[in-house]
Amino acid sequence: MKIDEHQRQIWIVDFGSQYTQLITRKTRELGHSSAIITLDEVREKFDSGEKPECLVLSGGPDSISTDETDYSFLFDKDLPILGICYGLQVMADYFGGKVSPGTQAEYGHAEIFLKNKFELPGCPEHFHVWMSHFDHVEKVPEGFTLIMESHNGMVAGIRDKDRKMMGLQFHPEVEHSSYGKEILKYFYSEVAKLDEDWGKGAMLEEATELVKKVGDRKVLCAFSGGVDSLVAATIAHEVIGDNLYCFFVDHGLLRPQDYGHIKTLQKETPLNIEIIDARDDFMSKLKGVSDPEEKRKIIGHTFIEVFEKKVHDFENEKGINFEFLLQGTLYPDVIESTSPHKKGGKSVTIKSHHNVGGLPERMKLELLEPLRFMFKDEGRKIGEELGLKHEWVYRHPFPGPGIGIRVLGELFDDSIRKVGESDQILFEELHAYKIYESVAQAFTVLLPVKTVGVKGDGRAYEEVICLRLVSTTDYMTATWSDLPREFLSRVSSRITNEVKGVTRVVYDITSKPPGTIEWE
Ligand code: XMP
């Protein structure tokens, strides 16, 4: 990961915890800039003279008993440091305390008791937190004071006032930790003495700076109309105007609302958006294909072909050469693709996600990613700041392969129609019941089975629509949405009545994990 372009107040050193991103989010909510960084990167940057104002050491899966790393380079810089979970253990071990394997793991909810109210003024005597550890600090290092203990009598928090260091065995970044955010705030403002430096203004300024390097060259945007590409394109347009060309590919796998949305954006924004009708290209290549991964790959490759052709046409017919590709890449994608855990490691491919931006190197386009340091909700706030309509900015995400992965198995025109129509009904009702924004994503899936039903006086033998509605903020985990029975019943009744060829509606009550959000 490169954070060279920008100085960050706080470096969050990633020891591989699943919650590292959450530390960044909470830190930003508290008004401080931060970057996730690996141990190797910290070492390199320290060697080249770069330093943040403060370090946070994240949790991680390792055990200090098998960790041979010499951490003096972290601790000898006179920086304020907050150690969380494994980070606390690294700190305690380095300063001569004792970290031992526990007799029992503390995992999940735990109760914390304040032991020294002078080291954490304002903290309740007793509160609930989220713990996830086996090793624990048995002896507090010299110079440190015990501030909190867990209900099992284990060390839960320590502080060394002179060294400006603090360690917590629990995860203050997790929502379940009731006093967590306040402790982080106390550390940043009272221990590390940092001034706030992060907010909408700073983010927008930075995103604009990233676009300025383009000068008067031409930029191509694979525009989906979703919030990320819309915000990225709007920021870029403010800087480079009509040198930005947005292309929207119509692959024939869109819902009626997507056509409406793109036409609205064409009309109501200053963006130069061209719709490329590539329906025949996609549908002919997908004929006879039913394997989910194969469908995804065909859709991804065809996107690239369509774009390459467009770029050539612009070169040959209009003499316009594109030098940059604008993408709405967000911070979580940046972190994921650079594998921040010090030991690296590859995760298993569950699905080959495709984002239309992945154009081949031979096209020699330089990437332009103005949102690369933002989380989705931050991008949304910037979108509103830029005057984009609330309903555009809070639109549910829609995957690049569209209905292609919502008709299970082979794609037929009639199956695409069934999903499109039932989705339309679902959305109308979400709005009518005013619950659109209380779910993160909602859609319908056509199952490749027929079931028996009765329609009018006759027997029907028709297909099944599944409703999928989830609540999530990061889309990496999700829970199925528990919605009013009246709403579900209305949607079911409208779909079976209004969508030809569907006799049955079912509701997916699987969370992620183990299910994924999409069915294919
Ligand atoms: P899964 O199914 O992996 O989905 O739990 C997580 C989120 O990603 C979206 N998704 C995609 N988005 N291209 C995209 O742009 C894709 O290929 C793709 N596949 C899944 C999905 O809709 C959900 O929001």
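The values are calculated or read from the model by the stated rules, or taken from the named source; none is laboratory data. No experiment lies behind these values; they were computed from the predicted model shown. For neighbour counting, all protein chains shown are included, and Cβ atoms are generated from backbone atoms with ideal geometry for every residue, glycine included. Accessible surface areas use protein heavy atoms only, side chains included; no ligands, DNA or RNA. Shrake-Rupley method; radii C 1.70, N 1.55, O 1.52, S 1.80 Å.
Annotations for the structure displayed:
- Coil-residue chymotrypsin sites (Phe, Trp or Tyr not before Pro) of region 74-126, DSSP, other Cβ within 10 Å capped at 15: PHE118
- Subtracting the Cα-Cα distance of GLU315 and VAL174 from 0.36 nm times their residue separation leaves 45.7 nm of extension gain.
- Amide H contacts under 5 Å for ILE36: ILE12, restricted to partners 5 or more places along the chain or on a different chain, H placed in the peptide plane at 1.01 Å from N.
- For the chain, the relative contact order is 11 percent, taking Cα pairs closer than 8 Å that sit 6 or more residues apart in sequence and dividing their mean separation by the residue count.
- The calculated P(r) of the chain, using every Cα pair and 10 Å bins from 0, goes 3, 16, 24, 22, 18, 12, 4, 0, 0 in percent.
- Extent of region 174-232 along its three principal axes (Cα atoms, max minus min coordinate, largest first): 48, 26, 12 Å.
- Solvent-accessible area of ASP14 with every protein chain in place, 1.4 Å probe, in Å² to the nearest 10: 10
- Sequence of SER189, SER481, SER48 from largest to smallest accessible area, 1.4 Å probe: SER48, SER189, SER481
- Karplus-derived 3J(HN,Hα), 6.51/-1.76/1.60, for each residue of region 147-164, Hz, glycine and proline x: 10, 9, 10, 8, 5, 8, x, 8, 4, 10, x, 9, 8, 10, 4, 5, 7, 6
- Placing a label point 7 Å from the Cα of TYR436 along the Cα-to-Cβ direction, the residues of region 452-496 whose backbone N falls under 17 Å of that point are 469-470, 491.
- Taking the protein heavy atoms of the chain in the context of the full set of protein chains, the accessible area attributed to carbon and sulfur is 49 percent at 1.4 Å.
- Spin-label pair LYS364/GLU410, simplified geometry with 7 Å Cα→Cβ offset, distance in nm: 4.4
- For GLU173, the amide hydrogen comes within under 5 Å of no other amide hydrogen, counting only partners 5 or more places away or on other chains and with H modelled in the peptide plane.
- Order of exposure, largest accessible area first, which applies to GLU384, GLU173 with probe 1.4 Å: GLU384, GLU173
- LYS381 - accessible surface, heavy atoms, 1.4 Å probe, Å² rounded to 10: 100
- Most positive-pole-ward Cα, ILE147, GLY456, PHE282, against dipole of the chain from beta carbon charges: GLY456
- Within the assembled protein chains, the solvent-accessible surface assigned to LYS500 is about 150 Å², based on a 1.4 Å probe.
- Accessible area per residue in Å² at 1.4 Å probe, computed on the chain: 45
- Take every pair of alpha-carbon atoms less than 8 Å apart whose residues are at least six positions apart; their mean separation over the length of region 472-520 yields a relative contact order of 48 percent.
- Of the trypsin sites (Lys or Arg not before Pro) in region 389-493, the ones in a loop by DSSP (not H, G, I, E or B) with at most 15 other beta carbons within 10 Å are LYS389, LYS434.
- Annotation for region 201-266: GluC sites (Glu not before Pro) lying in DSSP loop with at most 12 further Cβ atoms inside 10 Å of their Cβ do not exist.
- For region 238-252, 3J(HN,Hα) computed residue by residue from phi via the Karplus equation (6.51, -1.76, 1.60; θ = phi - 60°) reads 4, 8, 10, x, 6, 7, 9, 10, 9, 10, 10, 8, 8, 8, x Hz, glycine and proline entered as x.
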